[in-house]
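Please read the structure below before turning to the comments.
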Amino acid sequence: MNNSERALVILAREPEEGKVKTRLNQDLSARDTLDLYQALVLDTLHLAISAEVGHLYVACLANGPKVHLNELLKNFAAELKGKKREFLKENLVLTDQRGRQLGERLEKTFRQVFQEKYKEVVVIGIDSPSLPKKTLDRAFKVLHKKDVVLGPTLDGSYYLIGLKKPHPSLFENIPWGTGEIYRATVERINKLGLEWEELDLWYDVDTTDDLEFLVRDINQLRLAGDEKSLKHTEEVLARILET
């Protein structure tokens, strides 16, 4: 399939102090949490432009103008060179998340992006920036033959969902905010008679305990000679964990 028929959507929030990753505030200051959140966004973008996707959407949840996210994207673009900078310039679309709860926002996001005539749409958050590129590439390969692809998380949710066409009922009456999201979604997929495939189990960064996974993965990447992946997160964690 031509890459131009694929779209990757990153769900993000307008980065404002005290309004992002609030569960981390139990152990981190609001400023440190914001810095870490912005690093997660940047490193997720790095992952996205390294994958084999055609167009990249960042769907932002904000109460007003996306001032801070726009600035973050501008700074990210300034870091890039050559083909990656050109790709971002030509293929990045910043859009809005609409809806009161996550399921409604996911449904509306898929519907909006599919209206642009894509044949495969994958949605991820910014909570799993250490996700291997091969897993993201695998998600699109699965959609060549399957209706749905899901990436389960350790806490019973999913870090990735991909579709070949909109299925609004996948997001209706799901117990959002619980550890039953993945189970309920799989039950719904099976009830609809859709063909699907599961990706590797991974983790979300929601609490300070999850930071241990990030530190582990950063160390493994550096030992393997990868100095670029998770570099923003590494810088913030180095400062936070020193204090």
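The values are calculated or read from the model by the stated rules, or taken from the named source; none is laboratory data. Being a predicted model, the structure only gives us computed values, none of them experimental. Cβ atoms come from the backbone with ideal geometry, glycine included; neighbour counts cover every protein chain shown.
Being in a helix (DSSP H, G or I) and among the β-branched types (Val, Ile, Thr) is the filter; apply it to the stretch 37-82 and report the residue that is farthest from Arg100 (Cα to Cα).
Here the residue is Ile49.
Checking the condition without any contact (Cβ under 8 Å) to a residue 12 or more places away in the chain, among the charged types (D, E, K, R) and under 20 Å from Val20 (Cβ atoms), which residue from Asp226, Asp210, Asp206 passes? Before you say what the answer is, go through the steps one by one.
Values: Asp226 fails: under 20 Å from Val20 (Cβ atoms); Asp206 fails: without any contact (Cβ under 8 Å) to a residue 12 or more places away in the chain.
After ruling out the rest, the residue left standing is Asp210.
Anything in the stretch 91-106 that is surrounded by 14 or more Cβ atoms within 10 Å (Cβ to Cβ) and either among the hydrophobic types (A, V, I, L, M, F, W, C) or more than 30 Å from Ile174 (Cβ to Cβ) (or both)? List them, or say none.
Selection gives Asn91, Leu92, Leu94, Leu102, Leu106.
Across the stretch 154-169, what is the total count of residues that are under 12 Å from Leu194 (Cα atoms) and touching a residue at least 60 places away in the same chain (Cβ under 8 Å)?
0
Quickly run through the stretch 58-90 and pick out the residues that are within 26 Å of Pro168 (Cα to Cα) and either crowded, with 16+ Cβ neighbours inside 10 Å or among the hydroxyl-bearing types (Ser, Thr, Tyr) (or both).
Val58, Ala59, Cys60, Leu61, Ala62, listed by residue number.
Which number in (1) in a loop (DSSP other than H, G, I, E, B); (2) free of Cβ contacts under 8 Å to residues at least 24 places away in the same chain marks the one condition that Arg85 misses?
All conditions pass for Arg85, except number (1).
I need a count of the residues in the stretch 107-145 that are surrounded by 19 or more Cβ atoms within 10 Å (Cβ to Cβ), under 22 Å from Thr233 (Cβ atoms) and of a type outside the set (Gly, Ala, Ser).
The total comes to 8.
Kindly evaluate Leu34 against the criterion of being modelled with pLDDT of 95 or more and either under 15 Å from the mean Cα position of the chain (by Cα) or not in a helix (DSSP H, G or I) (or both).
Judged against the criteria, Leu34 is not a match.
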